[in-house]
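Every number in this text was worked out from the coordinates using simple rules, so none of it is lab data. It should be emphasised that the depicted structure is a prediction, and the values quoted were computed from it without experimental measurement. Methodologically, a virtual Cβ is constructed for each residue, glycine included, from the backbone with ideal geometry; neighbour enumeration extends over all protein chains shown.
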Amino acid sequence: MDESILKIEDLTISFDENKVIDNLEFSVHKKDIIAIIGPNGAGKTVLFRALLGLLPYSGKINWRNDIKIGYVPQRFVVERDMPLSVEEFLNYKKTKKDQIINVLKMVGFHVHDEHLLAHPIRGKDALLAASSGTRHLLHQPLGVLSGGELQKILIAFALLGNPDVLLFDEPTTGIDLGGEETIYNLLKKLRDQHGLTIIFISHDIHVVYQYASRVLCLNKEKICFGPPRDVLGAEELKKLYGTEVGIYEHSGHHH
Amino acid sequence: MALIFDYNLVLGLITAGMVGATAGYLGSIMVLRRLALAGDVLSHVALPGIGIALLYNLNPFLMAFVFLFAASWIIWSLEKKTALPTDALIGILFVASLAIGVMLIPNLEELGEALLGDISEIGLFDAFLAILFSSIVFITGSKIYKGLVLGTISEDLAIANGVKLRKINLLFLVLVSIVVALGVKVVGTLLMGALIIVSATAAKNLSRNISRYAFLSTLFGLITAPSGLLLAKIYELNPGPVIILIGVGVFLLTLVFRRS
């Protein structure tokens, strides 16, 4: 159970000689649900990019060998008239149809109409379906989905590569409260039933207490790391978000 | 009916069809990425190239392409350095090309040809170039299309999934340069930008998925360009504007059938 899948040592990331991440060190175990919290500009998304290998850094980011990473980026808006169907989007991962059905089930879409998924409706039936307004999910344009639905499709997209780890940047920005709970319960289910390790960025302290097995408080450097109830008290929170105020005050002097 | 056996016209129709189809195909990406106006800017960059070609008796297509490629590369390099006001610099590139082009092209008749196109004197070599380069554009385009679409909805998602976004963006600009250079002969630099976006905008009205969108956009270009040329020939009009107006007509028709 305690198998380590990611070890980070002395990680420093700089942009134009400004340190965005400073001497970070932590490790992630299999089936962890790690929450990363911190104020704006604390380097959370930068850390993700480095974990994905998209940024130069100094120090060590050691993933377990042969690890597969799924990535769900920060919420973005797909324009309503974007002519890209859910099926085409998911097909960009070069997978088989039954795999698509499988991940759609995993993220909690109803599958009572599974035969429709497997055999796209054509001809007269398609016309009927279109006229009665029951267009199938796979044939919907990405842009007409609700925020929660789009988020689930993005998770499905990430799952198509059979990842061992999911990196999830602010899972529920712009999603209503009910949708938020659905997404976090889904992450938990993916961990419990499919053995995934999950690392997510959040702004929401209450979500961290409820769902995370461990939390990384980040503000350029590590403020705290461990099970939320043990390491995340009033003092750490004050230190984490209070530092932000300090930085703003400090940089204010330059103006 | 001498029209049917007009050898030049047949070559012209083939060239117009090829250019229309490739412009529609690449235009589908331009419109998705909200680069509709960038095509306009880019097409004017061909003007100095054509001017030099006329001055030194060189192939206008090749010279136009050289200038377009250089401009593409400049725009591509600017994309990375966000500190510079990219839109303003592209604007300057545009007016500079226009000014230099107008200065270089010696007489008004030739300037008119460069601005509005002249497909009546298409030779076998031009038609051959159009077929060859259109094939290159379609083959290369189909290889990077997926990555470009993914990059349009989210750059992060594309890059994290192994799409070499910077590389395919440059490749895409090169393909656009080729199409613009081909199209200058057909509709001229003034209207080339329109040829690129009008089919795609019409196709978007009728599409809920990418394969249909790309197909319709290509098809509209393939049909409107030669039919515009034919119509212009019959009524002795300038083909460039007729081609574009037919495209606009198709666009207006699609508005009626637009899916909500």
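Each residue, A:ARG64 and A:ASN185, gets one label point 7 Å from its Cα in the Cβ direction; the gap between the two is 2.9 nm.
The loop-placed GluC sites (Glu not before Pro) in the range A:1-76, going by DSSP, that have at most 10 neighbouring Cβ atoms within 10 Å of their Cβ come out as A:GLU3, A:GLU17. Specify whether the C-alpha gyration tensor of the range B:118-179 places it in the rounded, prolate or oblate class, a ≥ b ≥ c being the square roots of the eigenvalues: rounded for a/c under 1.5, otherwise prolate if a/b is larger than b/c and oblate if not. Because a/c hits 1.5 or more and a/b exceeds b/c, the range B:118-179 counts as prolate. Using θ = phi - 60° in the Karplus curve 6.51 cos²θ - 1.76 cosθ + 1.60, the 3J(HN,Hα) couplings for the range A:144-155 round to 8, 5, 6, x, x, 5, 4, 4, 5, 5, 5, 5 Hz; x is entered for Gly and Pro.
A simple spin-label model places the labels of A:LYS239 and B:LEU255 6.3 nm from each other, with each point 7 Å out along Cα-to-Cβ. Loop-only check: which chymotrypsin sites (Phe, Trp or Tyr not before Pro) in the range B:1-63 are DSSP coil with at most 13 other Cβ within 10 angstrom? Within the range B:1-63, no chymotrypsin sites (Phe, Trp or Tyr not before Pro) qualify (loop, at most 13 other Cβ atoms within 10 Å).
Estimated from the Cβ-Cβ distance and a Förster radius of 25 angstrom, the FRET efficiency linking B:ILE92 and B:VAL248 is about 0.30. So how far, in whole Å, is the C-alpha centre of the range A:38-52 from the one of the range A:196-230? The distance from the Cα centre of the range A:38-52 to that of the range A:196-230 comes to 13 Å. Annotation: amide H of A:LEU218 within the under-5 Å range of A:ILE37, A:GLY38, A:ILE223, sequence separation 5 or more or interchain, hydrogens built in the peptide plane.
Could you tell me which of rounded, prolate or oblate describes the range A:144-243, using a ≥ b ≥ c as the square roots of the eigenvalues of the alpha-carbon gyration tensor, with rounded for a/c under 1.5 and, failing that, prolate when a/b is larger than b/c and oblate otherwise? Taking the square roots of the gyration eigenvalues as a ≥ b ≥ c, the range A:144-243 is prolate. Model label sites at B:PHE125 and A:GLU25, defined 7 Å from Cα along the beta-carbon direction, differ in position by 7.1 nm.
For the peptide B:206-215, the mean number of other protein chain Cβ atoms found within 10 angstrom of a residue's Cβ is 5. The mean number of partner chain beta-carbon atoms within 10 angstrom of a residue's beta-carbon across peptide B:151-164 is 5. B:LYS204: which lysines have alpha carbons under 18 Å from its alpha carbon, excluding same-chain residues fewer than 8 sequence positions away? The qualifying lysines are B:LYS146. Which of rounded, prolate or oblate describes the range B:54-138 when judged by the alpha-carbon gyration tensor and an a/c cut-off of 1.5? Since a/c reaches 1.5 but b/c is at least a/b, the shape of the range B:54-138 is classed as oblate. Here A:LYS220 is the anchor, and the aspartates and glutamates within straight C-alpha reach of less than 12 Å, apart from those fewer than 8 places off in the same chain, are A:ASP22, A:GLU25, A:GLU244. Computed 3J(HN,Hα) for the range A:157-167, one whole-Hz value per residue from the Karplus formula 6.51 cos²θ - 1.76 cosθ + 1.60 where θ = phi - 60°, is 4, 5, 6, 4, x, 6, x, 8, 10, 10, 9, glycine and proline marked x.
For the range A:5-18, putting each phi into the Karplus relation 6.51 cos²θ - 1.76 cosθ + 1.60 with θ = phi - 60° gives couplings of 10, 8, 10, 10, 10, 6, 6, 10, 10, 10, 10, 6, 6, 8 Hz, in residue order, rounded to whole numbers and with x for Gly and Pro. Counting only lysines at least 8 places from A:LYS30 when in the same chain, those with an alpha carbon closer than 18 Å to its own are A:LYS7, A:LYS68, A:LYS188, A:LYS189. Using the alpha-carbon centroid of each, what span in Å lies between the range B:41-76 and the range B:92-132? Going from one Cα centre to the other spans 9 Å. How charged is the neighbourhood of A:GLY147? Take every other residue with its Cβ under 11 Å from the Cβ of A:GLY147, and add Lys/Arg as +1 and Asp/Glu as -1. Local charge sum for A:GLY147: -1. Helices in chain B, meaning DSSP H runs of at least 4 residues, each add -39500 (n - 2.57). Divided by all residues, the mean residue ellipticity at 222 nm is -28500 deg cm²/dmol.
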